[in-house]
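Heads up: the structure comes next, in structure tokens.
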Amino acid sequence: MKKIILIIGLLFSVIAAKDLNLKELETNCNNGDMDDCYYLGALYAYAVGVRQNYQKVAELWKKACDGGNLGGCNSLGILYYRGEGVKQNYQKAAELYQKACDGGNLYGCHKLGWLYYDGEGVKQNYQKAAELFTKACDDGDPYGCNNLGILYEDGKGVRQNYQKAFELWKKSCDGGNLLGCNNLGTLYAEGKGVKQNYQKAFELYQKACDGGYPLGCYNLGFLYKEGKGLRQDYAMAKEYYGKACDLGLQAGCDDYKRLNNR
């Protein structure tokens with residue numbers, strides 16, 4: 001859920017820039033400032049200066065959404081998707097994402113796209129997912145670009161096109177999405193849509209890994225283990241598998257153990 005972390009991080013930056021404290025946010029929210037209702041909900045969600053309380057979060061983001069704050073609609077949709085502070089309801093999440101997307105919130109568009117991709121709360125429809133990801137990507141959302149690239153790689157909802165996937169993942173990576181960087185690296189490693197280049201793959205995996213994306217670390221470990229584009233080095237492979245494991249990727253833990261038992 002790096003997407004959510006990024007969004008909340010942006011919220012905190014805005015709060016800091018406005019130099020608002022909890023009491024000011026509460027006062028402003030009660031006085032009809034829907035943006036501050038949204039920010040206040042973020043503080044309760046991530047226990048910043050207050051005890052974490054998802055029911056309170058849901059109340060604040062509903063108020064923000066009802067008052068026209070599209071970020072509140074999108075974030076409330078996340079709560080319904082996860083079942084945090086409200087009863088889990090994919091259909092309700094879809095409705096909220098749709099409201100956010102229709103109002104121009106890019107995160108709502110790409111989240112709604114994933115619901116269509118997975119068939120959660122809506123009937124599965126890859127073409128609809130592609131339309132939503134395209135809308136988000138065209139408006140500058142790097143996550144929408146990454147997701148659209150996945151459809152082009154797999155040929156779901158669109159004609160399979162590795163070159164198009166390459167273009168989209170490059171745009172996503174350049175926009176700061178580490179998953180896009182990792183996926184772009186895999187195209188270089190496999191020579192799909194671009195000339196095979198393990199060194200370029202290494203650089204992209206390194207960028208993803210340095211940013212805290214576990215699969216990037218795992219893929220670096222694989223390159224070292226197999227000696228792809230560099231000298232085979234089991235010690236380095238173990239280091240990167242271990243890092244992937246520390247970041248929560250079980251495959252990294254498993255391959256670390258296998259190398260450790262050699």
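The values are calculated or read from the model by the stated rules, or taken from the named source; none is laboratory data. Owing to the predicted nature of the structure, the values given are computational and were not obtained by experimental measurement. Please note: Cβ atoms are built from the backbone with ideal geometry, for glycine as well, and neighbour counts cover all protein chains shown. Ligands, DNA and RNA are stripped out before the accessible areas are found, and what is left, the full protein with its side chains, is counted by its heavy atoms. Shrake-Rupley method; radii C 1.70, N 1.55, O 1.52, S 1.80 Å.
With LEU230, LEU259 as the choices, which residue is of a type outside the set (S, T, N, Q), in a helix (DSSP H, G or I), at pLDDT below 95 and over 19 Å from GLY180 (Cβ atoms)?
Result: LEU259 is the single residue among LEU230, LEU259 that is of a type outside the set (S, T, N, Q), in a helix (DSSP H, G or I), at pLDDT below 95 and over 19 Å from GLY180 (Cβ atoms).
Out of the residues in region 83-93 meeting the condition of being touching a residue at least 24 places away in the same chain (Cβ under 8 Å) and not charged (D, E, K, R), tell me which one is most open to solvent (accessible area, probe 1.4 Å).
My answer is GLN91.
I need a count of the residues in region 154-166 that are more than 21 Å from ASP118 (Cβ to Cβ) and crowded, with 18+ Cβ neighbours inside 10 Å.
Number satisfying all stated conditions: 1.
Out of (1) modelled with pLDDT of 95 or more; (2) more than 18 Å from the chain's Cα centre (by Cα); (3) among the aliphatic types (A, V, I, L, M), the odd one out for VAL50 is which?
With (1) modelled with pLDDT of 95 or more; (2) more than 18 Å from the chain's Cα centre (by Cα); (3) among the aliphatic types (A, V, I, L, M) applied to VAL50, the lone miss is (1).
Kindly check whether there is at least one residue in region 231-240 that is under 27 Å from ALA136 (Cα atoms) and within 23 Å of the chain's Cα centre (by Cα).
no
Specify which of the listed residues (LEU96, LEU151) is open to solvent by less than 70 Å² (accessible area, probe 1.4 Å), in contact with a helix residue (DSSP H, G or I) (Cβ under 9 Å, 6 or more places away or on another chain), within 30 Å of ASN21 (Cα to Cα) and not polar (S, T, N, Q).
None of the other options fit; the residue is LEU96.
Mind listing just one residue for me: the one in region 229-243 that is open to solvent by 70 Å² or more (accessible area, probe 1.4 Å) and charged (D, E, K, R) and, of those, farthest from CYS209 (Cα to Cα)?
Only one residue tops the list, namely ARG231.
Of all helices (runs of 4 or more DSSP H) completely enclosed by region 135-218, which ones contain at least 1 residues that are in contact with a Ser or Thr (Cβ under 6 Å, 6 or more places away or on another chain) and in contact (Cβ under 8 Å) with a residue 12 or more places away in the chain?
Numbers: elements: 142-154, 162-174, 178-190, 198-210.
Correct list: 142-154, 178-190.
Consider LEU187 carefully, then state whether it is out of contact with any Phe, Trp or Tyr (no Cβ under 6 Å at 6 or more places or on another chain) and open to solvent by less than 40 Å² (accessible area, probe 1.4 Å). Write out each step before concluding.
Values: out of contact with any Phe, Trp or Tyr (no Cβ under 6 Å at 6 or more places or on another chain): no; open to solvent by less than 40 Å² (accessible area, probe 1.4 Å): yes.
It is false that LEU187 is out of contact with any Phe, Trp or Tyr (no Cβ under 6 Å at 6 or more places or on another chain) and open to solvent by less than 40 Å² (accessible area, probe 1.4 Å).
A quick yes/no check of all residues on (1) farther than 20 Å from TYR39 by Cβ; (2) touching a strand residue (DSSP E or B) at 6+ places or on another chain (Cβ under 8 Å); (3) part of a helix (DSSP H, G or I):
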| position | (1), (2), (3) |
| --- | --- |
| LYS63 | no, no, yes |
| GLY68 | no, no, no |
| SER75 | no, no, yes |
| GLY85 | no, no, no |
| GLN88 | yes, no, no |
| GLU95 | yes, no, yes |
| GLN98 | yes, no, yes |
| CYS101 | yes, no, yes |
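Across region 31-46, what is the total count of residues that are open to solvent by 10 Å² or more (accessible area, probe 1.4 Å), of a type outside the set (A, V, I, L, M, F, W, C) and assigned to a helix (DSSP H, G or I)?
4
If you take the residues in region 1-30 that are loosely packed, with under 15 Cβ neighbours inside 10 Å and not in a helix (DSSP H, G or I), which one is modelled with the highest pLDDT?
Filtering region 1-30 for residues that are loosely packed, with under 15 Cβ neighbours inside 10 Å and not in a helix (DSSP H, G or I), the one modelled with the highest pLDDT comes out as ASN21.
Hey, among ASP174, ASP246, ASP210, ASP254, which residue is open to solvent by 30 Å² or more (accessible area, probe 1.4 Å), under 26 Å from LYS135 (Cβ atoms), acidic (Asp, Glu) and within 25 Å of the chain's Cα centre (by Cα)?
ASP174
Restricting attention to region 213-227, and to residues there that are among the small types (Gly, Ala, Ser) and over 18 Å from ASN177 (Cβ atoms), which single residue is surrounded by the most Cβ atoms within 10 Å (Cβ to Cβ)?
Step one: filter region 213-227 for residues among the small types (Gly, Ala, Ser), giving 216, 221, 227.
Imposing the further condition that a residue be over 18 Å from ASN177 (Cβ atoms) reduces the set to 221, 227.
Numbers: GLY221: 28, GLY227: 13.
In this case the residue turns out to be GLY221.
Exactly one condition in (1) closer than 24 Å to ASN105 by Cβ; (2) under 15 Å from the mean Cα position of the chain (by Cα) is false for GLY157; which is it?
Unmet condition: (2).
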